[in-house]
Amino acid sequence: MPNGSLEDHLLDISADQNPLSWYARMKIAHGAAQGLEYLHEKANPPVIYRDLKSSNILLNENFVAKLSDFGLAKLGSIGDKIHVSSAVMGTYGYCAPEYVRAGQLTLKSDVYSFGVVMLELITGRRAIDTAKPTDEQNLVAWAMPLLKDQKRFPELVDPLLQGDYPAKGLGQAAAVAAMCLQEEPSVRPLMTDVVVALSFLTTE
């Protein structure tokens, strides 16, 4: 893909690179959400992607997001059956807690991973960054207290945006991330709902 991966433009940017604008980030989030929605809702049987992360979201010449690397994808079960997988695959920092703890894999595991990517887009931080102070190394753990307090949402925003983002859009994006990152899989939204919520955030 001409523009490489989201990681190249969000987390590995050089001094001479322009950071992605707020709207470019929301469009990428919307595109990645549509990819997951297709796998979850349109594919039959549904597909659990299992390794959603910024390096697997590729960008075309117009920065339209495409999901790549289906090496860990798994056919989902129909109904409420839960896959229990003995070996937890996927990438540390993006995996849902119930998957890490008990190997429980469902479509909602992907929704959690999407919440982590959403946080990366908002903050410009990596899911796991050992170069940061200990209490900031795990992005979800660092962001959770901020996501619980609307007044603190601006503290989440990537400093490279230099304050250039819509306050209302930030509130909605943070709400989407928080919903996807719920500890209980059953209360996380469906990707269809995430796609609808994000569709309102992509227009300037």
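The values are calculated or read from the model by the stated rules, or taken from the named source; none is laboratory data. This one's a predicted model, so the numbers in the text were calculated from it and none came from an experiment. Don't worry about glycine lacking a Cβ; one is built from the backbone with ideal geometry, like all the others, and counts go over all protein chains shown.
Observations on the model:
- Some residue of segment 99-122 being of a type in the set (Gly, Ala, Ser), surrounded by 23 or more Cβ atoms within 10 Å (Cβ to Cβ), out of contact with any helix residue (DSSP H, G or I) (no Cβ under 8 Å at 6 or more places or on another chain) and modelled with pLDDT of 90 or more: yes
- Scope segment 176-185; condition surrounded by fewer than 18 Cβ atoms within 10 Å (Cβ to Cβ) and either basic (Lys, Arg) or closer than 10 Å to residue 118 by Cα (or both); matching residues: 178
- Any chance residue 130 is in a loop (DSSP other than H, G, I, E, B), among the polar types (S, T, N, Q) and more than 13 Å from the chain's Cα centre (by Cα): yes
- Residue that is farthest from residue 2 (Cα to Cα), among those in segment 46-65 that are of a type outside the set (Gly, Ala, Ser) and within 13 Å of the chain's Cα centre (by Cα): 50
- Entry remark, segment 153-204: residues being over 14 Å from residue 23 (Cα atoms), in a loop (DSSP other than H, G, I, E, B) and in contact with an Asp or Glu (Cβ under 9 Å, 6 or more places away or on another chain) number 3 in total.
- Within segment 19-38, being free of Cβ contacts under 8 Å to residues at least 40 places away in the same chain and among the small types (Gly, Ala, Ser) holds for 24, 31, 35.
- So residue 16, is it modelled with pLDDT under 90 and within 15 Å of the chain's Cα centre (by Cα): no
- Those residues of segment 96-127 which are out of contact with any Leu (no Cβ under 7 Å at 6 or more places or on another chain), not in a helix (DSSP H, G or I) and not small (Gly, Ala, Ser), in sequence order: 104, 105, 106
Yes or no, residue by residue, for (1) modelled with pLDDT of 90 or more; (2) in a loop (DSSP other than H, G, I, E, B); (3) touching a Ser or Thr at 6+ places or on another chain (Cβ under 9 Å):
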{"residue": "41", "(1), (2), (3)": "yes, no, yes"}
{"residue": "63", "(1), (2), (3)": "yes, yes, no"}
{"residue": "87", "(1), (2), (3)": "no, yes, no"}
{"residue": "94", "(1), (2), (3)": "yes, yes, yes"}
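- Against the numbered list (1) exposed (fewer than 13 other Cβ atoms within 10 Å of the Cβ); (2) among the small types (Gly, Ala, Ser); (3) at pLDDT 95 or above, residue 131 comes up short only at (3).
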